[in-house]
Amino acid sequence: MKIISAEFVKSSTNTEQCPPADRPEYAFIGRSNVGKSSLINGLVNRKNLAQTSQTPGKTQLINHYLINGNWNLVDLPGYGYAKVSKTKRVVFGDMIQDYITGRENLHALFVLIDSRLEPQAIDLDFMQFLGEQSIPFVMVFTKVDKLKNAQKTKFVAEYQEVMSQEWEELPEFFVTSATTGEGCEEILRYIHQINSHSVLFKK
Ligand code: GTP
Ligand code: MG
């Protein structure tokens, strides 16, 4: 799929404030600093559409981007960021939970996982929660430019091994780098395929 246009629509603090749910929508979630905003920029090939930062906790709202005039990409705040006050972390939790369980045009949730770390309980717990809520998701391993090819293969195999302890059928996964663009085409192809079957998708 070719990206012809990508524009920021709005930032929302809750699902009610979000733009009308009248187009296919795809959201990016994961721990703070995993690379959600960077990957969104990589997908649409714009440097600064979504704001990124070396400091965790950059994205704090639900950010909508309109792509090609007919589908939405959503950049969400990270989960599990310990350095914000307790109350703020709870608000993050509610905002995210409310959005992912209540947004009716959400066609798929992309759960981003840092490929440089061992499987983290917080990510596994989060995916468990998604499974229990029957929310469709796929996994996206990020920052693979930091790994050599052999390490990449090993990481994916180990992650799948851990997942298979809880999951009968493993979710689809993508191996990506916002830096090199690896995996971006595959994600766009995946989105395109879902769009083409969606009643909300108007050409
Ligand atoms: P929050 O908004 O704070 O939750 O973070 P985020 O998940 O949106 O992460 P963001 O895209 O802001 O990136 C965090 C840091 O990781 C930045 O310093 C990025 O430059 C770096 N980063 C993101 N993607 C990649 C990647 O593919 N490769 C490498 N090497 N660094 C990356
Ligand atoms: Mg961000």
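The table below lists the values:
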| quantity | calculated |
| --- | --- |
| Qualifying position, being free of Cβ contacts under 8 Å to residues at least 40 places away in the same chain and either of a type in the set (Gly, Ala, Ser) or part of a helix (DSSP H, G or I) (or both), among 157, 178 | 157 |
| Strands (runs of 3 or more DSSP E) within the stretch 10-77 that include 1 or more residues open to solvent by 10 Å² or more (accessible area, probe 1.4 Å) and within 23 Å of residue 101 (Cα to Cα) | 62-67 |
| Matching residues in the stretch 12-33 - criterion: being farther than 12 Å from residue 70 by Cα and among the basic types (Lys, Arg) | 31 |
| Some residue of the stretch 141-151 being under 21 Å from residue 37 (Cβ atoms), in a strand (DSSP E or B) and either within 16 Å of ligand 2 (Cβ to nearest atom) or at pLDDT below 95 (or both) | yes |
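The rows are residues; the columns are (1) more than 12 Å from ligand 2 (Cβ to nearest atom); (2) under 23 Å from residue 138 (Cα atoms).
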| position | (1), (2) |
| --- | --- |
| 2 | yes, yes |
| 5 | yes, no |
| 12 | yes, no |
| 19 | yes, no |
| 31 | no, yes |
| 34 | no, yes |
| 41 | no, yes |
| 63 | no, yes |
| 66 | yes, yes |
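The values are calculated or read from the model by the stated rules, or taken from the named source; none is laboratory data. Small disclaimer: the values here were computed from a predicted structure and weren't measured. Cβ: placed from backbone, ideal geometry, glycine included. Neighbour counts: every protein chain shown. We work out accessible area using only protein heavy atoms, side chains counted, and drop any ligands, DNA or RNA first. Shrake-Rupley method; radii C 1.70, N 1.55, O 1.52, S 1.80 Å.
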